[in-house]
Amino acid sequence: MRIAAIVIGLILLGLGVWVALGDAYYNDSSTKAQFGPVKIEATSQKPVPAPIGYAGIVIGGVLILAGVLKKT
């Protein structure tokens, strides 16, 4: 359990830094017009909000500390 917490913490920490630096994007599609069965859609890339990255950094750090400090 201890090693799993450390590994998951490292993954979350890395992903959190990646998102916080603004390198993570997601695709957002929206319908611009619809005429009967015909739809006109636009797809754009938007960055993942930085607070999600900050949360990943904090949670990852807590998991790493919990794994390191846990007594067996």
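Read-outs: derived from the displayed coordinates by stated rules, not from any lab. Please read these numbers as outputs of a predicted model, since none were measured by experiment. Note that we place each Cβ from the backbone using ideal geometry, even for glycine, and neighbour counts take in every protein chain shown.
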>> With angles folded into 0 to 90 degrees, how steeply does helix 2-20 sit against the dominant principal axis of the chain? Use alpha carbons for both and round to 10.
In response: 40 degrees
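Counting other C-beta atoms within 10 Å, and keeping those with at most 14, which DSSP coil trypsin sites (Lys or Arg not before Pro) do you find in segment 32-72? Don't skip to the answer; put the middle values down first.
Numbers: sites: Lys32, Lys39, Lys70, Lys71; in loops: Lys70, Lys71.
When the trypsin sites (Lys or Arg not before Pro) of segment 32-72 are filtered for loop state and at most 14 Cβ neighbours within 10 Å, Lys70, Lys71 remain.
Relative to the compact globular guide of 2.2 N^0.38 Å, what is the alpha carbon radius of gyration of segment 2-69, as a ratio?
Details: Rg = 18.3 Å, N = 68, 2.2 N^0.38 = 10.9 Å.
Segment 2-69 yields a ratio of 1.67.
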> Given the options Ile57, Ile11, Ile40, which has the most mean-square fluctuation in a GNM of the chain, springs set between C-alpha atoms less than 10 angstrom apart?
Replying inline: Ile40
> Taking R0 as 30 Å, what's the FRET efficiency between Tyr26 and Lys70 from their Cβ-Cβ distance, rounded to 0.05?
Replying inline: 0.30
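Calculate for the chain the 222 nm mean residue ellipticity that helices alone would give, adding -39,500 (n - 2.57) per DSSP H run of length 4 or more and normalising by residue count, nearest 500 deg cm²/dmol.
Working: 2 runs with 39 residues, N = 72.
Helices in the chain give a 222 nm mean residue ellipticity of -18500 deg cm²/dmol.
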> With r defined as the distance between the Cβ atoms of Ala4 and Tyr54 and R0 fixed at 30 Å, what FRET efficiency is calculated, to the nearest 0.05?
Replying inline: 0.80
> Under a Cβ-Cβ cut-off of 12 Å, what is the net charge of the residues other than Arg2 that fall near it, where Lys and Arg count +1 and Asp and Glu count -1?
Replying inline: +2
> Taking springs between alpha-carbon atoms closer than 10 angstrom, which of Gly53, Gly16, Gly61 fluctuates most in the Gaussian network model of the chain?
Replying inline: Gly61
